[in-house]
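K.L.:
The structure's right below; bear with me while I get my questions together.
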Amino acid sequence: MLTKNQTKIMQVFTSHITEQYSMREIAKILQKDSSQTRRAIKPLIEKQFLTVTQKKHLILNYQKNHQQLAYIEHLRSKEFLNKPKNKELTMFTKEVKEKFPEDFFIFLLFGSTITAKKPRDIDILFITDDIEKVNTTEKILYNISRNYEQKIDINVISPESVYEMLAKREELNIMNELLNKHLIIYGAETFYRLIKKGRT
């Protein structure tokens, strides 16, 4: 069970999956005392939530603890969608989860949707379990998106495309972009399994 401070620390790392931080940087981001932050981080390293790099920085260990990482992602998306300015986006995500006919899918928001105060459009990524379902999924999401005023940019890919993009770590593509600019609305545990397999 993570403490409140540890949960906040993990939210920083899950929101920036491939970025490295010093303990001092984490303390500054969270506006916490350095020694207090150090005490909170130590068990996270011992339990393999975080990994220490050769340069003594910290990075998320996305290879393990997928269930707990999924819970942290849930807290992040809940906090984001509960903001009054995201009311329409909340309605859209709820409708997608209710109306999408498949059991397996991963649903993410990414890019300026996460970082900008007033994004021009909403970038979403949907990962299906089969490349044959990509076109059908795009049509379903498009039909739902027409009920909303804000422009919604829909991207649908298969796990094979995920692996292909993750393998090209230096390439500018959707997967590499969203690792550090994302919110997972549904399927977080599966998402981390894909990253583990795709970035070995």
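K.L.:
Taking the Cα centre of the range 56-200 as the origin and placing charges on Cβ (Lys, Arg +1; Asp, Glu -1), which of Gln63, Thr115, Ile195 is farthest toward the positive end of the dipole?
P.N.:
So the residue furthest toward the plus end is Thr115.
K.L.:
If I model the range 4-60 as equal point scatterers sitting on the Cα atoms and use the Debye formula, what is log10 I(q)/I(0) at q = 0.13, 0.17, 0.21, 0.31 Å⁻¹?
P.N.:
Debye curve over Cα of the range 4-60, log10 I(q)/I(0) at q = 0.13, 0.17, 0.21, 0.31 Å⁻¹: -0.25, -0.44, -0.70, -1.63.
K.L.:
With viscosity set to 1.306 mPa s at 10 °C, what whole-number translational diffusion coefficient in µm²/s follows for the chain from Stokes-Einstein and a Kirkwood radius over Cα pairs?
P.N.:
Diffusion coefficient, whole number: 89 µm²/s.
K.L.:
Would you pull out the residues with amide H under 5 Å of Leu50's amide H, same chain only if 5 or more places away, H placed 1.01 Å from N?
P.N.:
Ile45, Asn61
K.L.:
Next question. Treating the beta-carbon of each Lys and Arg as +1 and of each Asp and Glu as -1, no other charges, what is the dipole magnitude of the range 66-198 about its Cα centre, to the nearest 20 debye?
P.N.:
640 debye
K.L.:
Name the residue from Tyr163, Asn147, Ile131 whose Cα lies farthest towards the positive end of the charge dipole of the range 119-194, charges +1 on Cβ of Lys and Arg and -1 on Cβ of Asp and Glu.
P.N.:
Of Tyr163, Asn147, Ile131, it is Asn147.
K.L.:
Mind pulling up the Rg/Rh value for the range 64-182? Radius of gyration and Kirkwood radius, both on Cα.
P.N.:
Taking Rh as the inverse mean 1/r over Cα pairs, Rg/Rh reads 0.94.
K.L.:
Something else about it: Run the helix sum for the chain: -39,500 (n - 2.57) per DSSP H stretch of 4+ residues, divided by residue count, reported at 222 nm to the nearest 500 deg cm²/dmol.
P.N.:
-15500 deg cm²/dmol
K.L.:
To the nearest 20 debye, what is the magnitude of the charge dipole of the range 4-60 about its Cα centre, counting +1 on the Cβ of each Lys and Arg and -1 on the Cβ of each Asp and Glu?
P.N.:
200 debye
K.L.:
Hey, if you put +1 on the Cβ of every Lys and Arg and -1 on every Asp and Glu Cβ in the chain, which of Ser77, Val52, Phe105 ends up farthest toward the positive end of that dipole?
P.N.:
Farthest towards the positive pole: Val52.
K.L.:
Measure out, as a whole number of angstrom, how far apart the alpha-carbon centroids of the range 135-153 and the range 79-102 sit.
P.N.:
Using only Cα atoms to place each centre, the spacing works out to 13 Å.
K.L.:
Let me ask something else about it. With a sphere of radius 15 Å drawn around the Cβ of Lys47, what net charge do the other residues whose Cβ falls strictly inside it have (Lys, Arg +1; Asp, Glu -1)?
P.N.:
In short, +2.
FYI, it's all coordinate maths here, none of it is from the lab. Quick caveat: nothing in here was measured; it's all calculated off a predicted structure. With ideal geometry, Cβ positions are generated from the backbone for all residues, glycine too; neighbour counts draw on all protein chains shown.
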